[in-house]
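Asks: One structure, pasted below without further comment.
All of the numbers you see were taken from the coordinates with simple rules; none came from a lab. Everything numeric here is computed off the predicted structure, so don't read it as measured data. Reconstructed Cβ throughout: ideal geometry from the backbone, glycine too, with neighbour counts over all protein chains shown.
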Amino acid sequence: EIRLSLVGSEMCIRDRIKTFCAYSNYLSKGIRMRFLSRRLVMPNDLNYANSLFGGRALEWIDEEAAIWAICQLETNCLVTKHIGEISFESPALQGDIVEFGLETKAVGRTSITVSCLVRNKATKKTICFADDIVFVKVDPESRQPAAHGKTLEALVSQTNEEVRKLNLELEEQK
């Protein structure tokens, strides 16, 4: 098996291709990730190599994806069930501003599946891509899964309407 060394860790080429294909599917389908949030990489976020610590990136991804899912489903009674493959592509250094692109991939009866692309704001270079982040709505008292009543089609319409309203507001400000 051929292995490729990336930023101090090894990743199987097969896995790298799989992650690239998952990200490329968004581009080929014309799906646009929404880049709505940014963070500044601070000294406390760095690892021994003076780049963004992977654990900190995962913490930020989970938080940003949860906020996205909460806004999409209009409920804060969500728990993280699964985070799928994560591919680290390039380092983020102290002082870099990173931005988070989020997209809803799928919607189940009680769940929502999200993907997150983290990139450098200035260079647009991908820092990491997290695929298949699954959140499940739970009943606040029983903590059991509960139906959220949303569909992917409804969420796409909801997002498009939010973008349309935002664009109108921006036009009015001109």
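Asks: Students often get this wrong, so check it: of 121/150; 105/174; 125/150; 81/150; 137/174, which have C-alpha atoms separated by over 29 Å? Write down the numbers at each step before the final one.
Replies: On the way: 121/150 32 Å; 105/174 34 Å; 125/150 33 Å; 81/150 18 Å; 137/174 40 Å.
The pairs that break the limit, which is 29 Å between Cα atoms, are 121/150; 105/174; 125/150; 137/174.
Asks: Counting other Cβ atoms within 10 Å, keep those with at most 15, restrict to DSSP loop, and tell me which trypsin sites (Lys or Arg not before Pro) in the range 94-135 are left. Write down the numbers at each step before the final one.
Replies: Working: sites: 105, 109, 119, 121, 124, 125; in loops: 109, 121, 124, 125.
Those that pass, being in a loop and sparsely packed, are 109, 121, 124, 125.
Asks: Rounded to the nearest 0.05, what FRET efficiency is calculated for residue 48 and residue 153 with R0 set to 35 Å and r the Cβ-Cβ distance? Write out the running numbers ahead of the final one.
Replies: Details: r = 47 Å, r/R0 = 1.33.
After rounding, the FRET efficiency stands at 0.15.
Asks: For an R0 of 25 angstrom, estimate the FRET efficiency from the Cβ-Cβ distance between residue 75 and residue 97 and round to the nearest 0.05. Working shown, then result.
Replies: Details: r = 30 Å, r/R0 = 1.21.
The value I calculate is 0.25.
Asks: Follow-up. Rounded to the nearest 0.05, what FRET efficiency is calculated for residue 34 and residue 142 with R0 set to 41 Å and r the Cβ-Cβ distance?
Replies: On the way: r = 33 Å, r/R0 = 0.80.
So the FRET efficiency works out to roughly 0.80.
Asks: Continuing with this model, one more query. Rounded to whole Hz and in sequence order, give me ³J(HN,Hα) for the range 158-174 from the Karplus expression 6.51 cos²θ - 1.76 cosθ + 1.60, θ = phi - 60°, writing x for Gly and Pro.
Replies: 4, 5, 4, 5, 4, 5, 4, 5, 4, 5, 5, 4, 5, 5, 5, 6, 6
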